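A quick write-up on the structure given underneath.
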Amino acid sequence: MGRGSAAAGTTYETLLIRNHSSHACTLSGTPKTQFGNFIGSGGLVVFKGVGPAATKLTYADRGKTIVVKPRATASVTVGIETAANLPSSKCDMASISRVRLVFRNGATLYYTLRTNEVCTKIATTLTSGVVLGTRFP
């Protein structure tokens, strides 16, 4: 987890993707982003998404195919609108603790969040395309 901030009712978090392998990897696009929780039953733990998937933000310089060399870092920024600012008829708040990113190549990453409430009726979450380095937002 990188830098975070808030503005105009939205909290932004920069999620860092570090290549710990000895080989370069390729990522591209804006990952499918879902907020939710890990739940367990009978020794099995699974991720359960809460609310709609995040809205994809479009930035001209993000989401291109990038090569992440060993020990290099890439990043994706996610935003969560403040659910308490919306009427319950549109929102129906739910608690979350994680975010799941799924890239086109199947790479799936999970992060623990500082923000813990989203709406379940409408998309109040945002995500940007992947970029080399730690740009924010």
Global form of the stretch 36-101, assessed from the alpha-carbon gyration tensor, a/c cut-off 1.5: oblate
Which Cys in the chain stand alone, with every other cysteine's Cβ at 4.7 Å or more from theirs? Cys25
Among all lysine pairs in the stretch 4-132 that are eight or more places apart or on different chains, how many have alpha carbons less than 17 angstrom apart? 6
Between Arg104 and Asp92, what length in nm is gained on full extension when 0.36 nm per residue of separation is reduced by their alpha carbon distance? 1.3 nm
Could you pull out which residues in the stretch 91-107 have an amide N less than 14 Å from a spot 7 Å beyond the Cα of Lys48, following the Cα-Cβ vector? 94-98
How high is the relative contact order of the stretch 1-85? Use alpha-carbon pairs under 8 Å, at least six apart in sequence, and give a whole percent. 43 percent
Longest exposed-site-free window of the chain, the sites being trypsin sites (Lys or Arg not before Pro) in a DSSP loop that have at most 12 other C-beta atoms within 10 Å: 1-70
How would you rank Val68, Val45, going from fewest to most other Cβ atoms within 10 Å of each one's own Cβ? Val45, Val68
Label-to-label distance, nm, for residues given as Thr65 and Asn37 (7 Å Cα→Cβ offset): 4.1 nm
To the nearest µm²/s, what D does Stokes-Einstein give for the chain at 20 °C and 1.002 mPa s, using the Kirkwood radius over alpha carbon pairs as Rh? 139 µm²/s
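Bear in mind that the values in this text are calculations on the coordinates, not laboratory data. The shown structure was predicted, so the numbers you read here are calculated from the model rather than taken from an experiment. No Cβ is skipped: glycine too gets one built from the backbone with ideal geometry, and neighbour counts run over all protein chains shown.
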